[in-house]
Amino acid sequence: MSDAWVDPRATVHESVVLGAGCKVLGASVVGEGCILGDGVIIGHPAKSSVVATKSFEGGAGALLGAGACLRSGTIVYEGCQVGTGLQTGHYSVLREHSVVGDNCALGSQCVLEWRTTLGDNARFQNSVTTAEKSKIGNNVFIGPHVSMTGGRYMGSALIAGNKLTMEEYEAMEKDYLETPVLIHDDVRIGANAVLLAGSVLEQAAVIAAGAVVGGRVPATYVAIGNPARVMPAAPASSR
């Protein structure tokens, strides 16, 4: 275990491999056969827990299913529930209360913002960032450097500067706060695409590289360009 540290409240299967500097915090559960690289943190506390306990080791913990392979620098925040077989690249972050299905792979430097829900068999390339409260289905492929936004009006700095009240901000963003981005099963998203709050990608939709989407893409349709134009996919016989 080298200098890894396991909280006394945690449950770590005896087969788990912990790299140098790993931390398993709170009442985390780490399943059979997991391999955690150097500096991996399971159960990192959210800000509210840090403030309440005045410690970066005071969170409630996270659940990591069997067979995970998390490369160095990966951080899984408290309240996360991760299914079996997760693989990550280096320095990926799963923010608090996110839910990840089975057999998912996240490339290096991916960020699942808080309360993201991800189905089974997802494949994220490097540097994908979800929006908070995004809902993503099964068998979804997302290319590198894809980003999603949690709102349309970028109000947080104005709130911090007392230029906008929280009530005003919530009124502006009311259509997007609950589920800013919704991605159904079997969707494929190309590199550098942007999904603005209000995006709904129906089953088997395809988003072209670099597209900027801000609305509904029907099932099996293709979205291309900025702003995205939506069109039917070409029949297989004409490809």
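Considering only region 89-100, state which residues are part of a loop (DSSP other than H, G, I, E, B) and within 11 Å of the chain's Cα centre (by Cα).
Those that are part of a loop (DSSP other than H, G, I, E, B) and within 11 Å of the chain's Cα centre (by Cα): SER92, ARG95, GLU96, HIS97, SER98.
If you scan region 109-125, which residues turn out to be assigned to a loop (DSSP other than H, G, I, E, B) and either more than 18 Å from ARG95 (Cβ to Cβ) or without any contact (Cβ under 8 Å) to a residue 12 or more places away in the chain (or both)?
ASP120, ASN121, GLN125
Determine whether region 43-57 contains at least one residue that is of a type in the set (Val, Ile, Thr) and either under 17 Å from the mean Cα position of the chain (by Cα) or under 26 Å from VAL140 (Cα atoms) (or both).
No, because not a single residue in region 43-57 is of a type in the set (Val, Ile, Thr) and either under 17 Å from the mean Cα position of the chain (by Cα) or under 26 Å from VAL140 (Cα atoms) (or both).
Quick one: is LEU86 crowded, with 22+ Cβ neighbours inside 10 Å and within 11 Å of the chain's Cα centre (by Cα)?
Details: crowded, with 22+ Cβ neighbours inside 10 Å: yes; within 11 Å of the chain's Cα centre (by Cα): no.
No: the conditions fail for LEU86.
For (1) within 8 Å of the chain's Cα centre (by Cα); (2) within 21 Å of SER72 (Cα to Cα); (3) not hydrophobic (A, V, I, L, M, F, W, C), each residue gets a yes or a no:
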| site | (1), (2), (3) |
| --- | --- |
| ILE136 | no, no, no |
| PHE141 | no, no, no |
| HIS145 | no, yes, yes |
| GLY151 | no, no, yes |
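Exactly one condition in (1) under 24 Å from the mean Cα position of the chain (by Cα); (2) part of a loop (DSSP other than H, G, I, E, B) is not met by VAL200; state its number.
(2)
Which one is nearest to TYR91 (Cα to Cα), of the residues in region 1-22 that are surrounded by fewer than 18 Cβ atoms within 10 Å (Cβ to Cβ) and touching a strand residue (DSSP E or B) at 6+ places or on another chain (Cβ under 9 Å)?
First, pick out the residues of region 1-22 that are surrounded by fewer than 18 Cβ atoms within 10 Å (Cβ to Cβ): 1-3, 5, 8-9, 11, 13-15, 17, 20-21.
With the extra rule that they be touching a strand residue (DSSP E or B) at 6+ places or on another chain (Cβ under 9 Å), the set shrinks to 1-2, 5, 11, 13, 17, 21.
Details: MET1: 20, SER2: 20, TRP5: 19, THR11: 23, HIS13: 23, VAL17: 18, GLY21: 14 Å.
Among them, the one singled out is GLY21.
Identify, from the list GLY73, GLY85, the residue that is closer than 23 Å to ASP3 by Cβ and not in a helix (DSSP H, G or I).
From the options GLY73, GLY85, the qualifying one is GLY73.
Restricting to region 73-83, and then to whatever is in contact with a His (Cβ under 9 Å, 6 or more places away or on another chain) and not β-branched (Val, Ile, Thr), can you tell me which residue is surrounded by the fewest Cβ atoms within 10 Å (Cβ to Cβ)?
GLN81
Applying the selection to region 48-92, what residues are of a type in the set (Asp, Glu) and closer than 25 Å to ARG123 by Cα?
The answer is GLU78, and nothing else.
Taking the criterion of being in a loop (DSSP other than H, G, I, E, B), in contact with a helix residue (DSSP H, G or I) (Cβ under 8 Å, 6 or more places away or on another chain) and not small (Gly, Ala, Ser), would at least one residue in region 22-40 satisfy it?
no
Identify, from the list SER48, SER28, the residue that is among the polar types (S, T, N, Q) and either modelled with pLDDT under 95 or more than 23 Å from GLU132 (Cβ to Cβ) (or both).
SER48
Given the condition over 29 Å from VAL100 (Cα atoms), in a loop (DSSP other than H, G, I, E, B) and touching a helix residue (DSSP H, G or I) at 6+ places or on another chain (Cβ under 8 Å), answer yes or no: does some residue in region 167-179 qualify?
No: region 167-179 contains no residue that is over 29 Å from VAL100 (Cα atoms), in a loop (DSSP other than H, G, I, E, B) and touching a helix residue (DSSP H, G or I) at 6+ places or on another chain (Cβ under 8 Å).
Quick check on my filter: what residues within region 170-196 are polar (S, T, N, Q) and out of contact with any Gly (no Cβ under 6 Å at 6 or more places or on another chain)?
THR179
State whether the residues of region 149-167 include one that is over 21 Å from CYS104 (Cα atoms), at pLDDT 95 or above and crowded, with 19+ Cβ neighbours inside 10 Å.
Looking through region 149-167, at least one residue is over 21 Å from CYS104 (Cα atoms), at pLDDT 95 or above and crowded, with 19+ Cβ neighbours inside 10 Å.
Mind telling me which of the residues LEU25, LEU36, LEU70, LEU63 ends up being assigned by TED's automatic domain parsing to the domain that holds LEU94, crowded, with 23+ Cβ neighbours inside 10 Å, aliphatic (A, V, I, L, M) and under 16 Å from the mean Cα position of the chain (by Cα)?
Residue meeting the stated conditions: LEU70.
The values are calculated or read from the model by the stated rules, or taken from the named source; none is laboratory data. In this text, all values refer to a predicted model and were calculated from it rather than measured experimentally. Cβ coordinates were reconstructed from backbone atoms using ideal geometry, including for glycine residues, and neighbour counts include every protein chain displayed.
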